[in-house]
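The values are calculated or read from the model by the stated rules, or taken from the named source; none is laboratory data. Bear in mind that the values here come from a model prediction, so they are computed numbers and not experimental data. Note: ideal-geometry Cβ built from the backbone for every residue, glycine included; neighbour counts use all protein chains shown. With ligands, DNA and RNA removed, areas are computed over all heavy atoms of the protein, side chains included. Shrake-Rupley method; radii C 1.70, N 1.55, O 1.52, S 1.80 Å.
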Number of protein chains: 2
Amino acid sequence: MARTQGSHSDITGPRIRAAAQELFARHGFAAVSMRQIASHVGLQAGALYNYTSDKQSLLVELMQAHMEDLLTAWAAEPKPGDVMGCLEAFVRFHIRYNLQRSDAVFIAYMELRNLTPDNFRQIEAHRRAYEDQLEGVLKDGVEQGVFDVPDTKIAALAVIAMLNGVLTWYRDSGRLSLVEVETIYWDMVRKAVGV
Amino acid sequence: MARTQGSHSDITGPRIRAAAQELFARHGFAAVSMRQIASHVGLQAGALYNYTSDKQSLLVELMQAHMEDLLTAWAAEPKPGDVMGCLEAFVRFHIRYNLQRSDAVFIAYMELRNLTPDNFRQIEAHRRAYEDQLEGVLKDGVEQGVFDVPDTKIAALAVIAMLNGVLTWYRDSGRLSLVEVETIYWDMVRKAVGV
DNA sequence: GTCTATACAAGGATAGAC
DNA sequence: GTCTATCCTTGTATAGAC
(Lines give C-alpha, C1' and ligand atoms only; values in the text may rest on other atoms or scores of the structure.)
Protein backbone atom coordinates (compact mmCIF):
# COMPACT_ATOMS: atom_id res chain seq x y z
CA MET A 1 0.00 0.00 0.00
CA ALA A 2 1.21 3.42 -0.94
CA ARG A 3 2.74 5.41 1.81
CA THR A 4 0.71 8.61 1.78
CA GLN A 5 1.40 9.25 5.42
CA GLY A 6 4.55 9.09 7.40
CA SER A 7 7.58 10.95 8.61
CA HIS A 8 9.23 13.25 6.12
CA SER A 9 10.19 16.12 8.35
CA ASP A 10 13.74 16.32 7.07
CA ILE A 11 12.72 17.05 3.50
CA THR A 12 9.24 18.51 3.91
CA GLY A 13 10.46 21.65 5.68
CA PRO A 14 12.78 22.72 2.87
CA ARG A 15 10.19 21.85 0.26
CA ILE A 16 7.64 24.05 1.99
CA ARG A 17 10.07 26.97 2.09
CA ALA A 18 10.96 26.45 -1.55
CA ALA A 19 7.32 26.43 -2.58
CA ALA A 20 6.56 29.50 -0.49
CA GLN A 21 9.53 31.33 -1.97
CA GLU A 22 8.49 30.61 -5.53
CA LEU A 23 4.84 31.52 -4.95
CA PHE A 24 5.57 34.65 -2.92
CA ALA A 25 7.95 35.86 -5.62
CA ARG A 26 5.52 35.21 -8.42
CA HIS A 27 2.23 36.39 -6.92
CA GLY A 28 3.15 38.34 -3.82
CA PHE A 29 2.89 37.35 -0.17
CA ALA A 30 -0.63 38.63 0.38
CA ALA A 31 -1.96 36.97 -2.75
CA VAL A 32 -0.71 33.50 -1.85
CA SER A 33 -2.71 31.25 0.45
CA MET A 34 -1.48 28.57 2.79
CA ARG A 35 -3.61 26.15 0.79
CA GLN A 36 -1.71 27.02 -2.38
CA ILE A 37 1.62 26.45 -0.69
CA ALA A 38 0.47 23.14 0.75
CA SER A 39 -0.88 22.05 -2.61
CA HIS A 40 2.50 22.74 -4.26
CA VAL A 41 4.17 20.43 -1.77
CA GLY A 42 1.44 17.82 -1.95
CA LEU A 43 0.13 18.43 1.55
CA GLN A 44 -3.06 19.65 3.17
CA ALA A 45 -2.96 23.15 4.59
CA GLY A 46 -3.05 22.01 8.19
CA ALA A 47 0.18 20.05 7.80
CA LEU A 48 2.14 23.25 7.17
CA TYR A 49 1.71 24.20 10.79
CA ASN A 50 4.05 21.42 11.81
CA TYR A 51 6.81 23.48 10.23
CA THR A 52 5.85 27.08 10.74
CA SER A 53 3.88 28.86 13.41
CA ASP A 54 2.12 31.05 10.88
CA LYS A 55 2.33 32.62 7.44
CA GLN A 56 4.30 35.63 8.64
CA SER A 57 7.03 33.39 10.02
CA LEU A 58 7.33 31.68 6.67
CA LEU A 59 7.98 35.06 5.06
CA VAL A 60 10.42 36.41 7.58
CA GLU A 61 12.42 33.20 7.66
CA LEU A 62 12.84 33.32 3.90
CA MET A 63 13.94 36.94 3.99
CA GLN A 64 16.27 36.44 6.92
CA ALA A 65 17.93 33.42 5.36
CA HIS A 66 18.40 35.30 2.11
CA MET A 67 19.96 38.36 3.70
CA GLU A 68 22.31 36.28 5.81
CA ASP A 69 23.35 34.17 2.84
CA LEU A 70 23.97 37.34 0.84
CA LEU A 71 26.19 38.91 3.49
CA THR A 72 28.06 35.65 4.03
CA ALA A 73 28.64 35.16 0.32
CA TRP A 74 29.96 38.69 -0.13
CA ALA A 75 32.25 38.25 2.86
CA ALA A 76 33.63 35.07 1.28
CA GLU A 77 34.15 36.72 -2.10
CA PRO A 78 37.83 37.21 -3.02
CA LYS A 79 38.67 40.90 -3.15
CA PRO A 80 41.53 42.63 -4.95
CA GLY A 81 43.73 44.97 -2.97
CA ASP A 82 42.71 48.13 -4.83
CA VAL A 83 39.39 49.93 -4.45
CA MET A 84 38.68 49.88 -8.18
CA GLY A 85 39.01 46.11 -8.17
CA CYS A 86 36.82 45.91 -5.07
CA LEU A 87 34.09 47.91 -6.74
CA GLU A 88 34.24 45.71 -9.80
CA ALA A 89 34.08 42.64 -7.58
CA PHE A 90 30.99 44.04 -5.88
CA VAL A 91 29.21 44.84 -9.12
CA ARG A 92 29.87 41.44 -10.64
CA PHE A 93 29.08 39.63 -7.41
CA HIS A 94 25.81 41.48 -6.91
CA ILE A 95 24.54 40.82 -10.41
CA ARG A 96 25.58 37.20 -10.45
CA TYR A 97 24.38 36.36 -6.96
CA ASN A 98 21.04 38.10 -7.33
CA LEU A 99 20.27 36.64 -10.72
CA GLN A 100 20.94 33.17 -9.35
CA ARG A 101 18.39 33.75 -6.58
CA SER A 102 15.95 36.11 -8.17
CA ASP A 103 13.00 34.76 -6.22
CA ALA A 104 14.61 35.49 -2.88
CA VAL A 105 15.75 38.92 -4.02
CA PHE A 106 12.32 39.81 -5.32
CA ILE A 107 10.77 38.92 -2.00
CA ALA A 108 13.39 40.79 -0.01
CA TYR A 109 12.62 43.98 -1.91
CA MET A 110 8.89 43.71 -2.50
CA GLU A 111 7.53 42.26 0.70
CA LEU A 112 9.07 44.55 3.28
CA ARG A 113 5.70 46.17 3.83
CA ASN A 114 4.14 42.86 4.76
CA LEU A 115 6.48 42.37 7.70
CA THR A 116 5.44 43.15 11.23
CA PRO A 117 7.36 46.13 12.65
CA ASP A 118 9.78 43.94 14.62
CA ASN A 119 10.55 41.74 11.66
CA PHE A 120 10.90 44.77 9.42
CA ARG A 121 13.56 46.29 11.63
CA GLN A 122 15.51 43.05 11.61
CA ILE A 123 15.52 42.68 7.82
CA GLU A 124 16.14 46.37 7.35
CA ALA A 125 19.27 46.11 9.48
CA HIS A 126 20.61 43.35 7.26
CA ARG A 127 19.87 45.35 4.15
CA ARG A 128 21.65 48.35 5.56
CA ALA A 129 24.65 46.22 6.45
CA TYR A 130 24.89 45.14 2.84
CA GLU A 131 24.61 48.71 1.57
CA ASP A 132 27.32 49.67 4.03
CA GLN A 133 29.65 47.18 2.39
CA LEU A 134 29.38 49.03 -0.89
CA GLU A 135 29.50 52.43 0.75
CA GLY A 136 32.73 51.42 2.49
CA VAL A 137 34.35 50.71 -0.84
CA LEU A 138 33.14 54.04 -2.21
CA LYS A 139 34.41 55.92 0.83
CA ASP A 140 37.85 54.36 0.51
CA GLY A 141 37.94 55.28 -3.17
CA VAL A 142 36.98 58.87 -2.47
CA GLU A 143 39.68 59.16 0.17
CA GLN A 144 42.23 57.82 -2.27
CA GLY A 145 41.05 60.16 -5.00
CA VAL A 146 40.08 57.23 -7.21
CA PHE A 147 36.35 57.93 -7.04
CA ASP A 148 34.47 61.20 -7.20
CA VAL A 149 30.98 61.13 -5.71
CA PRO A 150 29.31 63.99 -3.85
CA ASP A 151 27.54 61.63 -1.40
CA THR A 152 28.73 58.08 -0.81
CA LYS A 153 25.49 56.98 0.84
CA ILE A 154 23.34 58.06 -2.07
CA ALA A 155 25.85 56.74 -4.56
CA ALA A 156 25.73 53.33 -2.89
CA LEU A 157 21.95 53.28 -3.01
CA ALA A 158 21.96 54.45 -6.62
CA VAL A 159 24.40 51.75 -7.70
CA ILE A 160 22.45 49.00 -5.96
CA ALA A 161 19.18 50.23 -7.42
CA MET A 162 20.69 50.25 -10.87
CA LEU A 163 22.07 46.74 -10.51
CA ASN A 164 18.80 45.42 -9.13
CA GLY A 165 17.12 46.59 -12.31
CA VAL A 166 18.76 43.67 -14.07
CA LEU A 167 16.30 41.37 -12.32
CA THR A 168 13.38 42.88 -14.17
CA TRP A 169 14.57 42.10 -17.65
CA TYR A 170 17.34 39.46 -17.65
CA ARG A 171 16.46 36.05 -19.04
CA ASP A 172 18.84 33.11 -19.36
CA SER A 173 17.67 32.67 -22.92
CA GLY A 174 18.29 36.31 -23.81
CA ARG A 175 20.80 37.72 -26.26
CA LEU A 176 23.38 38.57 -23.60
CA SER A 177 25.36 36.22 -21.41
CA LEU A 178 25.70 36.79 -17.70
CA VAL A 179 29.28 37.95 -18.08
CA GLU A 180 28.34 40.38 -20.84
CA VAL A 181 25.65 41.86 -18.64
CA GLU A 182 28.08 42.15 -15.75
CA THR A 183 30.53 43.95 -17.98
CA ILE A 184 27.99 46.41 -19.35
CA TYR A 185 26.87 47.37 -15.86
CA TRP A 186 30.40 47.51 -14.55
CA ASP A 187 31.26 49.92 -17.35
CA MET A 188 28.45 52.25 -16.31
CA VAL A 189 29.17 52.02 -12.59
CA ARG A 190 32.89 52.60 -13.10
CA LYS A 191 32.23 55.76 -15.08
CA ALA A 192 29.43 56.98 -12.79
CA VAL A 193 31.64 57.08 -9.71
CA GLY A 194 34.94 57.76 -11.46
CA VAL A 195 36.97 60.95 -11.35
CA MET B 1 -30.79 69.40 -13.74
CA ALA B 2 -31.80 68.61 -10.20
CA ARG B 3 -29.69 65.89 -8.72
CA THR B 4 -31.19 62.86 -7.11
CA GLN B 5 -31.06 62.93 -3.38
CA GLY B 6 -27.63 62.22 -2.01
CA SER B 7 -25.96 62.21 -5.41
CA HIS B 8 -22.24 62.80 -5.24
CA SER B 9 -21.00 60.95 -8.26
CA ASP B 10 -18.82 63.83 -9.44
CA ILE B 11 -16.68 63.83 -6.32
CA THR B 12 -17.11 60.33 -4.97
CA GLY B 13 -15.40 58.69 -7.95
CA PRO B 14 -12.16 60.64 -7.56
CA ARG B 15 -12.21 60.15 -3.80
CA ILE B 16 -12.51 56.40 -4.24
CA ARG B 17 -9.59 56.35 -6.64
CA ALA B 18 -7.53 58.51 -4.31
CA ALA B 19 -8.22 56.22 -1.36
CA ALA B 20 -7.47 53.12 -3.40
CA GLN B 21 -4.21 54.63 -4.63
CA GLU B 22 -3.03 55.48 -1.15
CA LEU B 23 -4.00 52.10 0.30
CA PHE B 24 -2.63 50.05 -2.60
CA ALA B 25 0.67 51.92 -2.40
CA ARG B 26 0.96 51.46 1.34
CA HIS B 27 -0.21 47.89 1.82
CA GLY B 28 -0.27 46.36 -1.65
CA PHE B 29 -3.23 45.58 -3.88
CA ALA B 30 -3.84 42.07 -2.60
CA ALA B 31 -3.70 43.14 1.03
CA VAL B 32 -6.33 45.87 0.70
CA SER B 33 -10.03 45.01 0.88
CA MET B 34 -12.91 46.78 -0.79
CA ARG B 35 -14.31 47.40 2.69
CA GLN B 36 -11.12 49.26 3.67
CA ILE B 37 -11.33 51.46 0.60
CA ALA B 38 -15.00 52.18 1.23
CA SER B 39 -14.33 52.98 4.86
CA HIS B 40 -11.67 55.52 3.87
CA VAL B 41 -14.21 57.33 1.72
CA GLY B 42 -17.02 57.02 4.25
CA LEU B 43 -19.03 54.54 2.26
CA GLN B 44 -20.23 50.98 2.56
CA ALA B 45 -18.47 48.43 0.39
CA GLY B 46 -21.42 47.89 -1.91
CA ALA B 47 -21.50 51.55 -2.93
CA LEU B 48 -18.08 51.23 -4.57
CA TYR B 49 -19.62 49.16 -7.31
CA ASN B 50 -21.44 52.21 -8.62
CA TYR B 51 -18.02 53.46 -9.69
CA THR B 52 -16.05 50.41 -10.60
CA SER B 53 -17.01 47.04 -11.96
CA ASP B 54 -14.56 45.25 -9.71
CA LYS B 55 -11.32 45.56 -7.76
CA GLN B 56 -9.14 44.77 -10.74
CA SER B 57 -10.62 47.67 -12.70
CA LEU B 58 -9.80 50.01 -9.86
CA LEU B 59 -6.16 48.94 -10.08
CA VAL B 60 -5.79 49.07 -13.82
CA GLU B 61 -7.49 52.47 -14.08
CA LEU B 62 -5.04 53.90 -11.57
CA MET B 63 -2.07 52.48 -13.41
CA GLN B 64 -3.33 53.52 -16.81
CA ALA B 65 -4.04 57.06 -15.69
CA HIS B 66 -0.59 57.31 -14.15
CA MET B 67 1.24 56.06 -17.21
CA GLU B 68 -0.69 58.35 -19.52
CA ASP B 69 -0.10 61.35 -17.28
CA LEU B 70 3.59 60.52 -17.15
CA LEU B 71 3.94 60.32 -20.92
CA THR B 72 1.90 63.49 -21.42
CA ALA B 73 3.93 65.39 -18.84
CA TRP B 74 7.21 64.36 -20.42
CA ALA B 75 5.92 65.31 -23.86
CA ALA B 76 5.04 68.75 -22.50
CA GLU B 77 8.41 69.21 -20.82
CA PRO B 78 10.57 71.88 -22.51
CA LYS B 79 13.63 70.29 -24.08
CA PRO B 80 16.95 71.89 -24.98
CA GLY B 81 18.24 71.44 -28.51
CA ASP B 82 21.28 69.37 -27.53
CA VAL B 83 21.22 65.75 -26.40
CA MET B 84 23.15 66.46 -23.21
CA GLY B 85 20.50 69.00 -22.24
CA CYS B 86 17.77 66.53 -23.14
CA LEU B 87 19.26 63.87 -20.92
CA GLU B 88 19.53 66.29 -18.04
CA ALA B 89 15.92 67.34 -18.61
CA PHE B 90 14.85 63.69 -18.49
CA VAL B 91 16.74 62.96 -15.28
CA ARG B 92 15.41 66.01 -13.47
CA PHE B 93 11.90 65.49 -14.81
CA HIS B 94 11.81 61.83 -13.83
CA ILE B 95 12.97 62.42 -10.28
CA ARG B 96 10.72 65.40 -9.72
CA TYR B 97 7.62 63.92 -11.30
CA ASN B 98 7.94 60.56 -9.61
CA LEU B 99 8.61 61.98 -6.17
CA GLN B 100 5.52 64.13 -6.48
CA ARG B 101 3.40 61.06 -7.22
CA SER B 102 5.20 58.37 -5.32
CA ASP B 103 2.01 56.42 -4.60
CA ALA B 104 1.15 56.07 -8.27
CA VAL B 105 4.72 55.17 -9.16
CA PHE B 106 4.93 52.55 -6.44
CA ILE B 107 1.78 50.90 -7.70
CA ALA B 108 2.90 51.03 -11.32
CA TYR B 109 6.07 49.12 -10.44
CA MET B 110 4.90 46.78 -7.70
CA GLU B 111 1.48 45.67 -8.81
CA LEU B 112 2.18 44.55 -12.36
CA ARG B 113 1.88 40.94 -11.27
CA ASN B 114 -1.64 41.53 -10.00
CA LEU B 115 -2.90 42.56 -13.41
CA THR B 116 -4.78 40.18 -15.66
CA PRO B 117 -2.77 39.30 -18.79
CA ASP B 118 -4.67 41.74 -21.01
CA ASN B 119 -4.28 44.61 -18.59
CA PHE B 120 -0.63 43.74 -18.08
CA ARG B 121 0.11 44.03 -21.79
CA GLN B 122 -1.56 47.42 -21.90
CA ILE B 123 0.40 48.87 -18.99
CA GLU B 124 3.59 47.25 -20.16
CA ALA B 125 3.23 48.98 -23.54
CA HIS B 126 3.01 52.35 -21.80
CA ARG B 127 6.02 51.60 -19.69
CA ARG B 128 8.00 50.62 -22.75
CA ALA B 129 6.96 53.81 -24.52
CA TYR B 130 8.39 55.81 -21.64
CA GLU B 131 11.63 53.82 -21.67
CA ASP B 132 11.82 54.42 -25.41
CA GLN B 133 11.79 58.17 -24.80
CA LEU B 134 14.98 57.89 -22.81
CA GLU B 135 16.53 55.38 -25.17
CA GLY B 136 15.87 57.78 -28.05
CA VAL B 137 17.91 60.45 -26.33
CA LEU B 138 20.71 58.00 -25.66
CA LYS B 139 20.72 56.79 -29.27
CA ASP B 140 20.96 60.35 -30.57
CA GLY B 141 23.82 61.04 -28.22
CA VAL B 142 25.69 57.93 -29.29
CA GLU B 143 25.28 58.86 -32.96
CA GLN B 144 26.64 62.30 -32.23
CA GLY B 145 29.54 60.90 -30.26
CA VAL B 146 28.39 62.68 -27.10
CA PHE B 147 27.50 59.50 -25.23
CA ASP B 148 29.30 56.19 -25.05
CA VAL B 149 27.17 53.23 -24.06
CA PRO B 150 27.57 49.70 -25.35
CA ASP B 151 23.81 49.05 -25.35
CA THR B 152 21.28 51.88 -25.37
CA LYS B 153 18.36 49.67 -24.31
CA ILE B 154 20.13 48.39 -21.23
CA ALA B 155 21.52 51.81 -20.45
CA ALA B 156 18.01 53.27 -20.53
CA LEU B 157 16.74 50.58 -18.18
CA ALA B 158 19.73 51.05 -15.90
CA VAL B 159 19.25 54.80 -15.67
CA ILE B 160 15.54 54.51 -14.93
CA ALA B 161 16.16 51.84 -12.29
CA MET B 162 18.77 54.04 -10.66
CA LEU B 163 16.47 57.06 -10.62
CA ASN B 164 13.55 55.04 -9.28
CA GLY B 165 15.70 54.15 -6.31
CA VAL B 166 15.19 57.67 -5.04
CA LEU B 167 11.63 56.72 -4.15
CA THR B 168 12.80 54.27 -1.53
CA TRP B 169 14.70 56.73 0.59
CA TYR B 170 13.76 60.34 -0.21
CA ARG B 171 11.80 62.23 2.43
CA ASP B 172 10.69 65.86 2.19
CA SER B 173 12.08 66.40 5.64
CA GLY B 174 15.47 64.92 4.78
CA ARG B 175 18.82 66.66 4.65
CA LEU B 176 18.75 67.16 0.88
CA SER B 177 16.43 69.34 -1.15
CA LEU B 178 14.76 68.05 -4.29
CA VAL B 179 17.08 70.07 -6.50
CA GLU B 180 20.16 68.79 -4.67
CA VAL B 181 18.99 65.23 -5.18
CA GLU B 182 18.33 65.88 -8.86
CA THR B 183 21.82 67.28 -9.24
CA ILE B 184 23.52 64.38 -7.50
CA TYR B 185 21.77 61.86 -9.72
CA TRP B 186 22.31 63.94 -12.84
CA ASP B 187 26.02 63.98 -12.04
CA MET B 188 26.13 60.19 -11.88
CA VAL B 189 24.01 59.66 -14.98
CA ARG B 190 26.02 62.16 -17.00
CA LYS B 191 29.24 60.40 -16.16
CA ALA B 192 27.81 56.89 -16.57
CA VAL B 193 26.81 57.45 -20.20
CA GLY B 194 29.49 60.01 -21.08
CA VAL B 195 32.44 59.51 -23.38
C1' DG C 1 3.47 13.97 10.57
C1' DT C 2 -0.31 14.05 7.89
C1' DC C 3 -4.96 13.62 7.27
C1' DT C 4 -10.01 15.14 7.54
C1' DA C 5 -13.01 18.19 9.38
C1' DT C 6 -14.08 22.39 10.99
C1' DA C 7 -14.12 26.90 13.53
C1' DC C 8 -14.25 31.46 12.55
C1' DA C 9 -13.06 35.74 10.19
C1' DA C 10 -12.72 38.22 6.09
C1' DG C 11 -12.97 38.60 1.33
C1' DG C 12 -15.55 40.12 -3.36
C1' DA C 13 -19.67 40.98 -5.13
C1' DT C 14 -24.95 41.40 -5.57
C1' DA C 15 -30.09 42.50 -4.41
C1' DG C 16 -33.50 45.30 -3.01
C1' DA C 17 -35.17 49.00 0.13
C1' DC C 18 -35.01 53.89 0.48
C1' DG D 1 -26.39 56.67 -4.94
C1' DT D 2 -26.10 54.71 -0.79
C1' DC D 3 -27.53 51.67 2.65
C1' DT D 4 -28.42 47.18 4.84
C1' DA D 5 -28.39 42.55 4.40
C1' DT D 6 -26.66 38.67 2.49
C1' DC D 7 -24.55 35.05 -0.63
C1' DC D 8 -20.82 32.45 -1.43
C1' DT D 9 -15.91 31.81 -1.51
C1' DT D 10 -11.66 31.87 0.43
C1' DG D 11 -8.56 32.64 4.08
C1' DT D 12 -5.78 31.33 8.53
C1' DA D 13 -5.46 28.34 11.97
C1' DT D 14 -6.78 24.45 15.15
C1' DA D 15 -8.53 19.68 16.87
C1' DG D 16 -8.57 15.07 16.87
C1' DA D 17 -8.29 10.65 14.21
C1' DC D 18 -4.83 7.60 12.27
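Would the range A:148-159 turn up any residue that is among the aliphatic types (A, V, I, L, M) and over 16 Å from B:Lys191 (Cα atoms)?
Yes: one or more hits.
Looking only at the range A:45-57, count how many residues are in contact (Cβ under 8 Å) with a residue 40 or more places away in the chain and within 8 Å of DNA strand D (Cβ to nearest atom).
Count: 1.
Does the range B:58-71 include one or more residues that are touching a residue at least 24 places away in the same chain (Cβ under 8 Å) and within 16 Å of DNA strand D (Cβ to nearest atom)?
Within the range B:58-71, one or more residues are touching a residue at least 24 places away in the same chain (Cβ under 8 Å) and within 16 Å of DNA strand D (Cβ to nearest atom).
When only residues in the range B:152-195 that are assigned to a loop (DSSP other than H, G, I, E, B), more than 7 Å from chain A (Cβ to nearest Cβ) and of a type in the set (Gly, Ala, Ser) count, which is surrounded by the fewest Cβ atoms within 10 Å (Cβ to Cβ)?
The extreme case among them is B:Ser173.
I want to confirm something. Restricting to the range A:39-51 and keeping residues that are open to solvent by 60 Å² or more (accessible area, probe 1.4 Å) and in a helix (DSSP H, G or I), which single residue is nearest to DNA strand C (Cβ to nearest atom)?
That would be A:Asn50.
May I ask you to verify whether A:Val149 is within 11 Å of another protein chain (Cβ to nearest Cβ), in a loop (DSSP other than H, G, I, E, B) and surrounded by 18 or more Cβ atoms within 10 Å (Cβ to Cβ)?
The answer is yes for A:Val149.
Identify, by number, the condition in (1) within 16 Å of the chain's Cα centre (by Cα); (2) open to solvent by 10 Å² or more (accessible area, probe 1.4 Å); (3) under 27 Å from A:Glu180 (Cβ atoms) that A:Pro78 doesn't meet.
Result: A:Pro78 fails condition (1) only.
For the range B:133-146, how many residues are open to solvent by 20 Å² or more (accessible area, probe 1.4 Å), touching a residue at least 12 places away in the same chain (Cβ under 8 Å) and in contact with a helix residue (DSSP H, G or I) (Cβ under 9 Å, 6 or more places away or on another chain)?
Of the residues in the range B:133-146, 6 are open to solvent by 20 Å² or more (accessible area, probe 1.4 Å), touching a residue at least 12 places away in the same chain (Cβ under 8 Å) and in contact with a helix residue (DSSP H, G or I) (Cβ under 9 Å, 6 or more places away or on another chain).
For the range A:110-125, enumerate the residues that are assigned to a helix (DSSP H, G or I) and crowded, with 17+ Cβ neighbours inside 10 Å.
Once the filter is applied, which keeps residues that are assigned to a helix (DSSP H, G or I) and crowded, with 17+ Cβ neighbours inside 10 Å, the range A:110-125 yields A:Met110, A:Asn114, A:Asn119, A:Ile123.
For residues that are open to solvent by 10 Å² or more (accessible area, probe 1.4 Å) and within 13 Å of DNA strand D (Cβ to nearest atom), scanning just the range B:20-38, find the one that is farthest from the chain's Cα centre (by Cα).
Looking at the filtered set, the residue picked out is B:Arg35.
Considering every residue within the range A:95-110, establish whether at least one is without any contact (Cβ under 8 Å) to a residue 24 or more places away in the chain and assigned by TED's automatic domain parsing to the domain that holds A:Thr183.
Yes, because at least one residue in the range A:95-110 is without any contact (Cβ under 8 Å) to a residue 24 or more places away in the chain and assigned by TED's automatic domain parsing to the domain that holds A:Thr183.
Going through B:Asp82, B:Asp54, B:Asp69 one at a time, which residue ends up being modelled with pLDDT of 95 or more and within 16 Å of DNA strand C (Cβ to nearest atom)?
B:Asp54
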